[in-house]
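J.: Let me begin by handing over the structure; questions about it come next.
The values are calculated or read from the model by the stated rules, or taken from the named source; none is laboratory data. The shown structure was predicted, so the numbers you read here are calculated from the model rather than taken from an experiment. As a convention, Cβ positions derive from the backbone with ideal geometry for all residues, glycine included, and neighbour counts pool all protein chains shown. Surface areas here come from the heavy atoms of the whole protein model, side chains and all, with no ligands, DNA or RNA. Shrake-Rupley method; radii C 1.70, N 1.55, O 1.52, S 1.80 Å.
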Protein chains: 2
Amino acid sequence: VAKLYFYPMACSLASRIAAAEAGVDLDFRPVDIFGERVLDDRAGTLDSLSTMGKVPVLVDDDGEVLSENAAVLQYLADLNPASALAPPPSQRSRYDLQRWLSFVGTELHKGFCNPMFSKGTPDSVKAWIRENVDRPLAVVAGHLDDRRDHLLGETFTVADCYLIWALVLIGFAKVDLARWPALSAYVERVRQRPHVAAAVSLEWEMARAASAKRN
Amino acid sequence: VAKLYFYPMACSLASRIAAAEAGVDLDFRPVDIFGERVLDDRAGTLDSLSTMGKVPVLVDDDGEVLSENAAVLQYLADLNPASALAPPPSQRSRYDLQRWLSFVGTELHKGFCNPMFSKGTPDSVKAWIRENVDRPLAVVAGHLDDRRDHLLGETFTVADCYLIWALVLIGFAKVDLARWPALSAYVERVRQRPHVAAAVSLEWEMARAASAKRN
């Protein structure tokens, strides 16, 4: 069984949701991304796993390493095509999936979540990031509107696994998503999926425990 | 023939290189992303093309719209599988391609090029961005080292189309790439490819002309 290196409530949560939705069994291993040893004394460091230095890192049975959400999420989806978490590679809609994985990854994750929750980001940068997050949120809200339950329409895909993680964190940073009813409705709808609810609740508890151990 | 909406020297340059390398004919149309009318009086605005509001935007013969570099580049590569610009979707190395498309898109493009060359980015943010670009550049340099001519090894792929664009812009922002000999050698090697040289030279001239018209 492949190993998935994660940090609680980091973007690797999207992979945990995708694996559960796809029925793929993974061996989840915590990584001390801040070198704090608060998660697990046996937790390794990221640099020894992936030169990119970020979770998620997937290491399969042959020792092959994959990282970056857009790649890991598509890999997990393709392990079980019947789950329909990604359109088949030959279909036009596969590129729409890649389009949304890229938009969430650049505009919401790298544009907001990553710097907002990284240690050492200056307050002036955080203020600028906060000013600029409304635009991509409005793009997502306008796309969902009242017409689409998920990014690709009727079907829940790995792009939604990534988006729900980003929106949970953006809400946690006290950005008021209620200004876009389509976004609030989406968050409520997707968080009711049993696998999503279980994954968020599990990692939230882990993050709380690590925080308690740290203080 | 599909239309490709671009802005000179913006990230849509990667699509121009990919199309040339793949032998795919596209109808290139300039877009006034800054609303300046310096490119072409007939140039449209982005919002009417794609709600995401960014180049490249690909509109195929059926009027279907695709955007985001990771998606457009894979789409162009798959139009001509014989060009080997992307490994076949069924191969493990396809996910490695997606990994690098994501890394360039998040760490170099959204993490540096986009805010550095956007109007209105505060100087304090630019300084912070500049401090943080060495880390991803070192990751790419360490990966290429002396062992790989391209991101995926021997074969030039659309991930290289994206990376060479980012490195040209990062060099233009006066980040000294010579600190990583593997990066300088890569830039020199890839810029010698005829299609890369022609695309960069064409858009550079367009950008110069627009700048002259603006001032």
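J.: Leaving out ligands, DNA and RNA, what percent of the accessible area of the protein assembly as shown is carbon and sulfur, probe 1.4 Å?
T.: 50 percent
J.: A further question on this structure: Looking at segment B:81-113, which residues lose a minimum of 20 Å² of accessible area between their chain alone and all protein chains in place, measuring with a 1.4 Å probe and not counting ligands or nucleic acids?
T.: B:P89, B:R92, B:Y95, B:Q98, B:R99, B:S102, B:F103, B:T106, B:E107, B:K110
J.: If you don't mind, another one. So what is the 222 nm mean residue ellipticity for the protein assembly as shown from helices alone, if each DSSP H run of at least 4 adds -39500 (n - 2.57) and you divide by all residues, rounding to the nearest 500 deg cm²/dmol?
T.: -15000 deg cm²/dmol
J.: Treating the point 7 Å from Cα along Cα-beta-carbon as the label, what are the nm separations from A:T155 to the other copies, to one decimal?
T.: Relative to the other copies, A:T155 has label-point distances of 2.5 nm.
J.: Pull up the DSSP beta bridges for segment B:1-156 and report the antiparallel fraction as a percent, rounded to 5.
T.: The antiparallel proportion sits near 60 percent.
J.: Further question: Calculate the FRET efficiency for A:D27 and B:A82 from the Cβ-Cβ distance with a Förster distance of 51 Å, rounded to the nearest 0.05.
T.: 0.85
J.: How high is the FRET efficiency between A:R179 and B:Q91 when r is their beta carbon distance and R₀ equals 45 Å, given to the nearest 0.05?
T.: Plugging the Cβ-Cβ distance into 1/(1 + (r/R0)^6) gives 0.55.
J.: Using all C-alpha to C-alpha distances in segment A:56-215, build P(r) with 10 Å bins and read off the rounded percent in each one.
T.: Pair shares across the bins are 9, 35, 38, 16, 2, 0.
J.: Please work out the C-alpha center-to-center distance from segment B:81-98 to segment B:145-212 and express it in whole Å.
T.: Distance between centres, Cα-based: 21 Å.
J.: Ordered shortest first, which distances in nm separate the 7 Å Cα→C-beta label point of B:E131 from those of the other copies?
T.: Counterpart label points of B:E131 in the remaining copies fall at 1.9 nm.
J.: Next up: Is the C-alpha gyration tensor of segment B:159-215 telling us rounded, prolate or oblate? Criteria: a/c under 1.5 is rounded; beyond that, a/b larger than b/c is prolate, otherwise oblate.
T.: oblate
J.: With all distinct Cα pairs included, what does the Kirkwood hydrodynamic radius of the protein assembly as shown come out to in Å, to one decimal, could you say?
T.: About 22.2 Å for the protein assembly as shown.
J.: Could you work out how far apart the two model spin labels at B:R130 and B:A197 are, taking each label as a point 7 Å from the Cα in the direction of the beta carbon, and quote it in nm?
T.: Label-label distance for B:R130 and B:A197, simple model: 3.3 nm.
J.: Return one whole number: the accessible area per residue of segment A:38-169 in Å², for a 1.4 Å probe.
T.: Here the per-residue accessible area is 39 Å².
J.: For B:E188 and A:D62, what does the FRET efficiency come to when R0 = 41 Å and r is the distance between their Cβ atoms, rounded to the nearest 0.05?
T.: 0.70
J.: Only Cα pairs within less than 10 Å get springs; with that Gaussian network setup on chain A, which residue of A:A166, A:A14, A:A197 has the largest fluctuation?
T.: Greatest mean-square fluctuation among the candidates belongs to A:A197.
J.: Chains B and A: how much accessible area gets covered up at their contact, both sides added, probe 1.4 Å, in Å² to the nearest hundred?
T.: That pair hides around 3500 Å² of surface in total.
J.: Here's another thing I want to ask about it. Taking square-rooted eigenvalues a ≥ b ≥ c of the alpha carbon gyration tensor, is segment A:1-143 rounded, prolate or oblate, where a/c under 1.5 means rounded and, failing that, a/b exceeding b/c means prolate?
T.: Judged from the Cα gyration tensor, segment A:1-143 comes out oblate (a/c at least 1.5, b/c at or above a/b).
J.: Which one, B:Q192, B:Q91, B:Q74, has the greatest fluctuation when you compute a Gaussian network model over chain B with C-alpha springs under 10 angstrom?
T.: B:Q91
J.: Where does the longest stretch of chain A lie that holds no trypsin sites (Lys or Arg not before Pro) found in a DSSP loop with 15 or fewer other Cβ atoms within 10 Å?
T.: Longest stretch, sites excluded: A:43-118.
J.: In percent, what relative contact order does segment B:1-126 have, based on Cα pairs under 8 Å that are 6 or more apart in sequence?
T.: With pairs under 8 Å counted, the relative contact order is 22 percent.
J.: So for the pair B:D149, B:K119, with labels modelled 7 Å out along Cα→Cβ, what separation do we get in nm?
T.: 4.3 nm
J.: Something else now. List, shortest first and in nm to one decimal, how far the label point of B:G142 (7 Å from Cα along Cα→Cβ) is from its counterparts in the other copies.
T.: In ascending order, 4.0 nm.
J.: Mean-square fluctuation check for chain B, GNM, Cα pairs under 10 Å: which of B:G142, B:G171, B:G120 is largest?
T.: The residue with the greatest mean-square fluctuation here is B:G120.
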